[in-house]
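Only one structure is covered here, and it is reproduced in the block below.
The values are calculated or read from the model by the stated rules, or taken from the named source; none is laboratory data. Not measured: the values here are computed from a predicted model. When we count neighbours, we look across all protein chains shown, and the Cβ atoms used for this are built from the backbone with ideal geometry, even at glycine.
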Amino acid sequence: MKKRKKKKGGLKYIGLISIYLVIIACIYYGVILLQHLASFKDILAVIIIYLGIVDGWKYLRQKQKIVRLKSSKDISRLFSISAFVCNFGFLAYVILIQEPVLIFVRAFSLYTTLDLYYHCYLYYPYKKRFKPTFKIPSLRKFIVNTFQSNNSKKRL
């Protein structure tokens with residue numbers, strides 16, 4: 001009788017658990033605001049939090065797909081790195097205007113896009129992946145290769 005491999009601990013579900021905790025906190029915060037006859041600005045803040053969660057959730061779903069298939073073949077690396085750069089710019093702007101709701105939302109989206117790109121790096125279908133002398137290229141080389149055009153870059 002074959003022994004089954006044990007799955008890794010709860011680390012694989014940490015992103016999903018964090019999203020559910022944030023959603024529960026947002027629902028609680030929304031109910032509290034509505035109980036105290038919240039102003040339009042407060043209601044808009046809750047809506048923005050929900051939209052930010054949905055923004056981060058789409059990157060989390062992409063990461064889950066990569067982990068499930070054990071390959072980032074169908075995921076655009078350029079898309080994930082450009083989403084990270086955009087979220088970093090948005091976060092810098094909202095820190096400048098000091099709006100706590102937007103800082104929270106942008107930080108969450110920044111985390112999920114960085115996590116997506118990191119998993120693209122881990123599960124990228126490298127050219128010699130299953131050869132005995134295979135070694136994953138450095139993250140710097142991976143990032144540079146992401147920004148090169150298809151005609152000039154070498155396959156990793």
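This table checks each residue for (1) surrounded by fewer than 19 Cβ atoms within 10 Å (Cβ to Cβ); (2) within 16 Å of ILE53 (Cβ to Cβ).
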{"site": "VAL85", "(1), (2)": "yes, no"}
{"site": "TYR93", "(1), (2)": "yes, no"}
{"site": "ILE103", "(1), (2)": "yes, yes"}
{"site": "ARG106", "(1), (2)": "no, yes"}
{"site": "LEU110", "(1), (2)": "no, yes"}
{"site": "LEU122", "(1), (2)": "yes, no"}
In the stretch 70-100, what count of residues is obtained for those that are touching a residue at least 40 places away in the same chain (Cβ under 8 Å) and aliphatic (A, V, I, L, M)? 3
Please go through (1) touching a Phe, Trp or Tyr at 6+ places or on another chain (Cβ under 8 Å); (2) buried (at least 17 other Cβ atoms within 10 Å of the Cβ); (3) closer than 25 Å to LEU51 by Cα; (4) of a type outside the set (Asp, Glu) for LEU78 and return the number of the only condition it doesn't satisfy. (2)
Hits in the stretch 18-45 - residues which are without any contact (Cβ under 8 Å) to a residue 60 or more places away in the chain, among the aliphatic types (A, V, I, L, M) and under 30 Å from HIS119 (Cβ atoms): ILE19, LEU21, ILE23, ILE24, ALA25, ILE27
Tally of residues being free of Cβ contacts under 8 Å to residues at least 60 places away in the same chain, touching a Lys or Arg at 6+ places or on another chain (Cβ under 9 Å), among the β-branched types (Val, Ile, Thr) and part of a helix (DSSP H, G or I) across the stretch 101-156: 1
Test of understanding: among LYS65, LYS58, which residue is in a helix (DSSP H, G or I), under 20 Å from the mean Cα position of the chain (by Cα), closer than 17 Å to SER18 by Cβ and modelled with pLDDT of 85 or more? LYS58
In this structure, is TYR50 in contact with a helix residue (DSSP H, G or I) (Cβ under 7 Å, 6 or more places away or on another chain) and at negative phi? yes
